[in-house]
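Below: one structure, written as structure tokens.
The values are calculated or read from the model by the stated rules, or taken from the named source; none is laboratory data. Quantities reported herein were computed from a predicted structural model and do not represent experimental measurements. Positions of Cβ are generated from backbone atoms using ideal geometry, with glycine treated the same way; all protein chains shown enter the neighbour counts. Surface areas here come from the heavy atoms of the whole protein model, side chains and all, with no ligands, DNA or RNA. Shrake-Rupley method; radii C 1.70, N 1.55, O 1.52, S 1.80 Å.
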Amino acid sequence: MSDMVACKVCGKVHAEEHLKPGMVGRCARCGSTIAKRTSYSLHLTAALSLAALILYVPANVFPILRLEMYGASSENTVWSGCVRLFKDGDWIIAVIVFLASILIPLLKLLSLFALVGASIFKMSRWKMQRTWIYRIVDSVGRWAMLDVFVVAVLVSLVKLQKLATIIPGAGLYAFTGVVVLTLLASASFDPQLIWETEEIES
């Protein structure tokens, strides 16, 4: 008996077909995409993850903002911001910024590399665990801190424009690249590759 899949838009039930990479399954009633397979998924995910990993270093080394006030200037990185928040007693915010801006992006990249590597070498173990890893990576993307940094920069520009000059640093652009590339890498990974080996063996 073939598996059945329902369209998420109109609810029509279809017999699930095995799609090859590059193919898209559409609903016979409304034309919505039911399932799709991404061509060159592993290559694309690996390339985007590697690019994000390269940008991860300058995102945490270079300053996010440069503040110039009355002839004096100061530069702040993500790490220095976490340290400053911790010293000022805002340790909860410091932990949140550290997790969302430093630790979680790195764990997401390492997880994507692990998923790609396991699929390339056609590992037959820990399929359920790898599926959970993919779900976590895919769901964590919506909690990216890019919007927080953008709001922080805009607030600084508006509130301090008469007192100081706020210049976005290279770290902000690198961090933006990390967030965007990581989201694209997660979206380009085809989760069916995790279970494809089992289907071929059976």
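Things to note:
- Per-region count, region 158-202, residues open to solvent by less than 70 Å² (accessible area, probe 1.4 Å), farther than 26 Å from residue 132 by Cα, modelled with pLDDT under 80 and in a helix (DSSP H, G or I): 1
- Residue selected from region 24-37 under the condition surrounded by fewer than 17 Cβ atoms within 10 Å (Cβ to Cβ) and not small (Gly, Ala, Ser), by the criterion modelled with the highest pLDDT: 30
- Residue identified as open to solvent by 60 Å² or more (accessible area, probe 1.4 Å), of a type in the set (A, V, I, L, M), assigned to a helix (DSSP H, G or I) and at pLDDT 80 or above among 115, 110, 106: 110
- Residues that are closer than 21 Å to residue 74 by Cα and either in a helix (DSSP H, G or I) or touching a residue at least 60 places away in the same chain (Cβ under 8 Å) (or both) within region 84-99 comprise 84, 85, 86, 87, 94, 97, 98, listed in sequence order.
- Condition check for residue 80: more than 28 Å from residue 133 (Cβ to Cβ), modelled with pLDDT of 75 or more, under 26 Å from the mean Cα position of the chain (by Cα) and in a helix (DSSP H, G or I): yes
- Of all residue pairs spaced 6 or more apart or on separate chains, those with beta-carbon atoms under 9 Å, a first member in region 169-194 that is among the charged types (D, E, K, R) and a second member that is surrounded by fewer than 20 Cβ atoms within 10 Å (Cβ to Cβ) and in a helix (DSSP H, G or I) are 190/41; 190/42; 190/196.
- Residues in region 76-99 that are surrounded by fewer than 16 Cβ atoms within 10 Å (Cβ to Cβ) and among the small types (Gly, Ala, Ser): 80, 89.
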